[in-house]
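Reading through the C-alpha cells given below for one structure.
The values are calculated or read from the model by the stated rules, or taken from the named source; none is laboratory data. Keep in mind that this is a model prediction, so the values were computed, not measured. When we count neighbours, we look across all protein chains shown, and the Cβ atoms used for this are built from the backbone with ideal geometry, even at glycine.
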Amino acid sequence: MDAINFIDLNIFTVVILFIVGFIGGMVSGFIGSGGAFVLTPAMMSLGASGIVAVASNMAHKFPKALVGSIKRHKYGQVDVKLGIIMGIFAEAGVFYGKEVMTGIRAQHGNAGTDLYVSLVFIVVLALVGTFVLRDGIRMKRSGKGDEEFETPKFAKWIQSIRIPGTMMRFSAIDNKEVSVLFIIPIGFATGMLAASIAVGGFIGVPAMIYILGVPALRATATELVVAFVMGMGGSAFYAWEGFVDIRLAMIILAGSLFGVQLGAIGTTYVKDYMVKFVMGMIMLIVLLSRLIKLPVYLSDLELISVLDPGLIEILNTLSFITLAIALLSGMLVITSALIKGMMEHRRDTAAEVARREYEKDLAVTTAES
Amino acid sequence: MRKIAERYIEEAAREGDPLPTVKDIKASIKKYRPAISFGVVSVALYSLLYFFSTDLTHLAQDSHTGQKTWFFLPIVIALIFSVIHGSFTSHFWDVLGVKAKN
C-alpha cells in the first residue's frame with residue numbers, strides 16, 4: 001500500500017490553520033455547520049492530499065461540534081434525542097455518499113467527482129439558500145422574534161400525520177409528536193451531503209425548520225449533535241485507514257474552539273431570523289464560488305472547449321477568495337450582532353438597576369414624609 | 001496570584017475606592033483560576049502533540065499499511081483536547097466578560 005504524504009508544518013501553516021479554524025468555528029457555533037468548505041481547500045492548497053484534508057477536517061469537526069453542543073445545551077437550545085436519532089441515520093448517509101463518490105471516481109475520475117460535488121452544491125444552495133434567506137428577511141420585516149415562532153404549514157401537516165408505532169415526542173417541537181419515518185430521510189440526506197460537500201447542516205438545519213417545525217435557533221443547536229455523532233463515526237472510519245493527520249486537526253481545533261464558544265454565545269443575543277439570514281447569506285455566497293469554478297470542471301471533462309491554463313488559475317483563485325468572503329462576512333455579521341446584543345443587554349440591565357434604585361429611594365422618601 | 005492581588009489593590013487605590021479586603025482579593029483570584037488552570041493544561045497538551053508529532057504520523061502510516069492496533073488514538077486525542085481546550089476557551093471568554101445573555 002502507498003505511503004501517505006503528511007505535510008510539514010511551519011509557523012505560517014499553523015497560523016493560517018488557526019485563523020481559518022477560528023472563523024469556521026464561529027460560524028459553526030452560530031449556524032450549526034460551516035467552515036469545512038473553506039478548510040478542506042485551504043488544507044489542500046497547503047499541500048495535504050484530498051483524502052487527508054477531508055479526514056483531518058472531520059476529525060476536528062466532531063470534537064468542535066461536541067463542545068458547541070454542550071455550550072448550547074446549557075442555553076436550553078439542544079434537543080439531544082432528535083440530534084442522536086438524526087445523527088445515526090446521517091451516519092448511514094455518510095457511508096452511502098462515500099460509495100456514490102467512489103463509484104463516480106471509478107467511472108469518470110477526479111474531474112467527475114468534482115463536477116458532481118459542484119452540481120450538488122449549486123442545486124442545494126440555490127434552492128435552500130434562497131428560501132432560507134427570503135424567510136429570514138420576511139421574518140425581520142414582520143418584526144417577529146422567537147416568542148412568536150410560528151410552525152411552518154408543511155411542518156404542521158407533517159406533525160399531524162400519525163403512523164402507529166413510529167411516533168416520537170421531541171422537546172424541540174414543544175413536546176409534540178412526529179413520526180421517525182420523516183426523520184430517517186432527513187438524517188440520511190444530511191449525511192449524504194456531508195460526505196459530498198462536507199456541510200451536511202446546509203440540508204439538516206433547513207429540513208428541521210421547515211419539515212419538522214423546529215425553531216431556527218434550536219435547529220442549529222441540534223445540528224451540532226448530529227455533526228458530533230456523524231463526525232465521530234466518519235473519523236473512526238478514516239483513522240482505521242490511517243488518513244487522519246491529527247496534528248492538522250488539533251491545530252484547527254485550537255482556533256475553532258475559541259470561535260465555536262463565541263458563536264454559541266452570539267445565539268443568545270439574536271432572534272430566530274438572524275440565524276436564517278446568516279445561513280442564507282453564506283449559502284448564496286458559496287453558491288457563487290461554485291458557479292465560478294463550474295467551467296473548470298466542465299473543461300476537465302471536455303464537456304466544453306478546453307480552457308486556457310491561465311484562465312483556470314484565475315477561476316480557481318477567484319472561487320477560493322469567494323469562499324473566504326462567505327466565511328468572513330458570516331463572521332462579521334455574527335460579531336456585530338454579538339456586540340450590538342451585548343451593548344443593548346448591558347444598557348437594559350443598567351436601566352433596570354437605576355429604576356430599582358429610584359423606586360427604593362422614592363419608597364424611603366415617602367415613608368419619611 | 002500575587003500580581004493579580006497587587007494589580008487589584010493598585011486599581012482600587014487609583015479609583016479612590018476603599019482598600020479591598022482579603023475576601024475581595026480571593027474572589028478576584030478565584031475568577032481567573034479555572035481559565036489559568038485549563039490554559040496551562042491545554043498548553044501542556046499542545047506541547048506533547050508537538051514533541052510526539054513524528055510518532056503520530058508514523059502511527060497513521062502503520063494504520064494505513066495494516067497495523068491497526070492504535071488506529072483509535074487520534075479519536076481519543078481529539079476527545080481529550082476538546083474537553084480541556086474547550087473548557088479553557090469557555091473560561092477565557094468568560095474572564096473577558098463575553099458571556100451569554102441570561
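Values computed for the structure shown
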item: Qualifying positions in the stretch B:80-102 - part of a helix (DSSP H, G or I) and farther than 13 Å from B:Ser42 by Cα; result: B:Trp93, B:Asp94, B:Val95
item: Residue in the stretch A:67-93 that is nearest to the other protein chains (Cβ to nearest Cβ), counting only those that are crowded, with 24+ Cβ neighbours inside 10 Å and hydrophobic (A, V, I, L, M, F, W, C); result: A:Val67
item: Residue in the stretch A:22-45 that is modelled with pLDDT of 80 or more, within 18 Å of A:Val278 (Cβ to Cβ) and among the aromatic types (Phe, Trp, Tyr) present; result: yes
item: Residues of the stretch A:1-56 classified as surrounded by 15 or more Cβ atoms within 10 Å (Cβ to Cβ) and at positive phi, total; result: 3
item: Elements of type helices (runs of 4 or more DSSP H) in the stretch A:171-251, at least 3 residues being in contact with a helix residue (DSSP H, G or I) (Cβ under 9 Å, 6 or more places away or on another chain) and surrounded by fewer than 23 Cβ atoms within 10 Å (Cβ to Cβ); result: A:180-197, A:216-241
item: Filtered residues of the stretch A:92-124 (kept if farther than 18 Å from A:Gly191 by Cβ and of a type outside the set (Asp, Glu)); result: A:Arg105, A:Ala106, A:Gln107, A:His108, A:Gly109, A:Asn110, A:Ala111, A:Gly112, A:Leu115, A:Ser118, A:Leu119, A:Ile122
item: Single residue of B:Asp55, B:Asp94 found to be of a type in the set (Asp, Glu) and closer than 17 Å to A:Arg247 by Cα; result: B:Asp55
item: The stretch A:1-53: number of residues that are within 14 Å of chain B (Cβ to nearest Cβ), free of Cβ contacts under 8 Å to residues at least 40 places away in the same chain and not in a helix (DSSP H, G or I); result: 5
item: Breaking point among (1) over 19 Å from A:Lys176 (Cβ atoms); (2) assigned to a helix (DSSP H, G or I), for A:Val270; result: (2)
item: Residues located in the stretch A:197-220, provided they are in contact with a Ser or Thr (Cβ under 7 Å, 6 or more places away or on another chain) and among the small types (Gly, Ala, Ser); result: A:Ala198, A:Gly200, A:Gly201, A:Gly204, A:Gly213
item: Selection from the stretch B:46-102 of residues that are among the β-branched types (Val, Ile, Thr) and more than 7 Å from chain A (Cβ to nearest Cβ); result: B:Thr54, B:Thr69, B:Val76, B:Ile80, B:Val83, B:Ile84, B:Val95
item: Matching residues in the stretch A:29-57 - criterion: being in contact with an Asp or Glu (Cβ under 9 Å, 6 or more places away or on another chain) and among the polar types (S, T, N, Q); result: A:Ser33, A:Ser56
item: Residue list for the stretch B:8-38, restricted to those being touching a Ser or Thr at 6+ places or on another chain (Cβ under 9 Å), at pLDDT below 70 and assigned to a helix (DSSP H, G or I); result: B:Tyr8
item: Hits in the stretch A:311-369 - residues which are exposed (fewer than 11 other Cβ atoms within 10 Å of the Cβ) and of a type in the set (Asp, Glu); result: A:Glu352, A:Glu357, A:Glu359, A:Asp361, A:Glu368
item: Condition met for A:Met343 (more than 30 Å from A:Leu119 (Cα to Cα) and in a helix (DSSP H, G or I)); result: yes
item: Flag if A:Tyr269 is more than 14 Å from chain B (Cβ to nearest Cβ) and among the hydroxyl-bearing types (Ser, Thr, Tyr); result: no
